[in-house]
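What follows is a set of notes on a single structure, which appears directly below.
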Amino acid sequence: MNGTVGTWLMRLRDRLPSGGGLRDEDWATRHRLLTVLLGVVVLVVTVFGALRPDQGATLLWTDLLVLPCVVAGTLLRGRRLRSVAVAIGFTVACAGFVSLSNGLTEAHFSFFVAVAALALYRDWAPFGAFLVATTLHHGLFGVITGTHTYDHHSAQAHPLLWAGLHGFAVLLAAGFQVVQWGLTEAEERRAADNLEESQAQLSVAFDETPVPMAMFAPDGLVLRTNAAYRHWLRLPDELPADFSVRDVPLVAVAEEGSAFPRMSASPHPLTLTRQYRRTDDGELIWVELHSTPLYDKQGTLRFIFVHCLDVTSVRNHEEELRRQVRHDSLTGLLSRKAFENDLAVLLAGRNPVSVIYMDVDRFKSVNDGSGHAAGDDVLRALSARLSRVVPPGALLARLGGDEFVVAVTGPPGTGLRVGQEILASLGEPLDVAGNPLPISVSVGVASDHGAEHSDDVVLAADTAMYAAKRAGGNRLEVFAEDMRVSVHERLAAEARLRQALAGHLPWTLPLWFQPVVSTITGQIVGAEALCRMRTPDGRILSPFHFIGAAEETGMIVPLGEHVLRSAIEHLIYWSGHLGYVSVNVSPRQLAEPDFVPMLADLLAAHPGLDPSRLVLEITETALLSSTVDVSERLATIKRLGVRIALDDFGTGYSSLTWLKSVPADIVKLDRSFVAGLAEDQRKSSIIQAVLWLAQSLGMSTIAEGVEEMADWEALKAAGCPAVQGYFFSEPRAPEEFQQMLINRKCVTPMAQFT
Ligand code: C2E
Ligand code: CA
Ligand code: CA
């Protein structure tokens, strides 16, 4: 039986609302309201009591009992005590009101108002205290002063019964409030459950996501981190309560520094990418930070929510890709594309730019002979060597295959100097896999000359390099306009020359002779041997058509030897009639190490010949552009007794003072100074100066290209010792020239004037 009642009571208790569920701030608001209400009630009761006759004592007691309740409701600690104090205050006020109105039934309504008001506490304690106190008051005061408590006889006769009835009525009135609590509590529970569920979902999303996330307070305090964040930063699972953004084990690498001040200052979500160094192991990482600020309703920043994406591998990958695009994978030098871009930037600048184009000589044989891996080693070793030689700030690239290119800025001549340094640096063999490997390169140099496109300069340097390669390699050529001969023409000229050299030389490559005439005697004192080519169909070609190709291909060497040999033979043959023969020697020939020995052999083969009857004509450019020590070579030639003529004087960089340092015996004044000399005062004064200087240096002078009688007479008057030109004779085939020698005069119609 007891058990059944117990279960029933238990069930009832479970059904009843628990009460006391208000949040502190909500409770405080309600408490304040009720305390003020109680105060107002006291005031109303006091005024009411003051207006009633003979109720002074009741009023005094009421006020004396209620006021401490108001004070206790304000000053006591704890929700329970304070709410109970207010509840008792209400009971006393209502009881006072009933007494003051002599138990008027309508005055009892105040108890129902009070219980409804106290329901605001949503707590059993003030509610219960009010019920108990009300019932006790009705019982006690009904018994003591029945007429002041009830206004009808049955209640005055049975005060306890009526106390019970009133208590029950108040309880019933309270019942609806309790139902109201119950409903509210159920609703709140559901809301709380929902909230909890969504919070749980959020927590899972936050804690379990693989993206490192953290929540910061505006002052940088770390409020919450997820496992990914702690794992990423190698932090323990439990962080100290005061762990802040300053304790995060990362330091910003770049100047912009910590991202947090910007994130906390930004009213909007922000994405920042920063490079950090981990403080524990020094590793460099790239991080993409996404911050979202969270504001409360008042617009105050509460939290900063930060996602951290470690983008190190993406960044490194990107950089590697960028590097690969910019660099040649084999040598690590710039790629063609990057070189072209950077060169365009250089060309847009103010400084003159030189491009040096290099191609490894006979690289194919290295590749074919030792395999591609060995070829790669050679290219790597060469690029290392080039990197050492090239000045800082220069661009160095591999254009593919065995072709390298350098771009340097600097005054004119910088490209030539760097090119020569590169050539010189390859005098030492390369170290390829521990073995010394001698290699050489062909070098072409070109300057920008205000080139609009980087292609133009590179092409010019390439053309010059091609010329160096054609001339046998291991040399440097500076680009000149006349190198721009089409590839087709080049090949055709080359083929023709090869064919001519393979034929009967006196027929295919005959020497023609042009007389040099003394202005004093009018006699032929010597002759310049000028080479011609006879094509298979019998045409005679001027040197213009084949000397260039001969120089580029290196065929100038056998050709030059043939010219020298043939010239000497003719000289010996015409011994009684001709003083000397001069032979043109190109820079390329002079640079050839075998040239001087070959000349010595030829002279030795003709012991009867006076070597001074042989003159070698060299141009100024031969002296300037050669990579070998020409003056040394010229000195040897002079020791052999052979004379030297400085050809085309006045067309190059020549200055009169420069003439002193050249070991020449003869100066050949270029045609451009001679033509129109009679009418040009400037030309004649230059000629005067050259004549005077040459004479003072012990040199003879020959004026070339004399076509007019007036020029011839002007030269004669100026004291030029010898002349050469169409005025006397064009270059002639040997038979015709011989006829002139025998007749002791030139055969040109104009010769009659001599
Ligand atoms: P160069 O040494 O200046 O030879 C003189 C050139 O001027 C010759 O042309 C000759 O025909 C030309 N000439 C002579 N007098 C006159 C004149 O009064 N008026 C004009 N307008 N021209 C005149 P060529 O024979 O065509 O030779 C051209 C160049 O070819 C030579 O210039 C020389 O540099 C080169 N050359 C000729 N033969 C050889 C050779 O055997 N070896 C080398 N390395 N070069 C050669
Ligand atoms: Ca000449
Ligand atoms: Ca000349």
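Observations, loosely collected:
- Simple spin-label estimate for LYS660 and ALA217 in nanometres, 7 Å along Cα-Cβ: 9.1 nm
- For region 494-743, the solvent-accessible area with a 1.4 angstrom probe is 43 square angstrom per residue.
- Per residue, region 150-240 exposes 61 Å² of solvent-accessible protein surface, assessed with a 1.4 angstrom probe and all protein chains in place.
- Spin-label pair ALA717/HIS577, simplified geometry with 7 Å Cα→Cβ offset, distance in nm: 3.4 nm
- Between the beta carbons of PHE176 and GLU318, assuming R0 = 45 Å, the FRET efficiency works out to 0.05 to the nearest 0.05.
- Tensor-based shape of region 11-186 (alpha-carbon gyration tensor, a/c under 1.5 rounded, otherwise prolate or oblate): oblate
- Peptide ranges 560-569, 59-68, 631-640 listed from the most packed, as the mean C-beta count within 10 angstrom indicates: 560-569, 59-68, 631-640
- Across region 517-523, coupling constants 3J(HN,Hα) worked out from phi with the 6.51/-1.76/1.60 Karplus curve, θ = phi - 60°, read 10, 6, 6, 7, 9, x, 8 Hz, and Gly and Pro carry x.
- Solvent-accessible area, 1.4 Å probe, carbon plus sulfur percent, for the chain: 59 percent
- Compared with the dominant principal axis of the Cα atoms in the chain, helix 487-502 is inclined by about 30°.
- Taking the average, over residues, of other Cβ atoms within 10 Å as the packing measure, peptides 125-136, 278-289, 161-172 rank 125-136, 161-172, 278-289 from highest down.
- Cα-based Lys pair tally, the chain, threshold under 30 Å, eight or more apart or on separate chains: 15
- Alpha-carbon centroid distance for the pair region 665-695 / region 402-426, whole angstrom: 37 Å
- Euclidean distance between Cα centres, region 3-19 to region 503-547, Å: 138 Å
The values are calculated or read from the model by the stated rules, or taken from the named source; none is laboratory data. Keep in mind that this is a model prediction, so the values were computed, not measured. Because the Cβ atoms are built from the backbone with ideal geometry, glycine has one as well, and the counts that use them run over all protein chains shown. Protein only, heavy atoms only, side chains kept; ligands, DNA and RNA dropped before computing areas. Shrake-Rupley method; radii C 1.70, N 1.55, O 1.52, S 1.80 Å.
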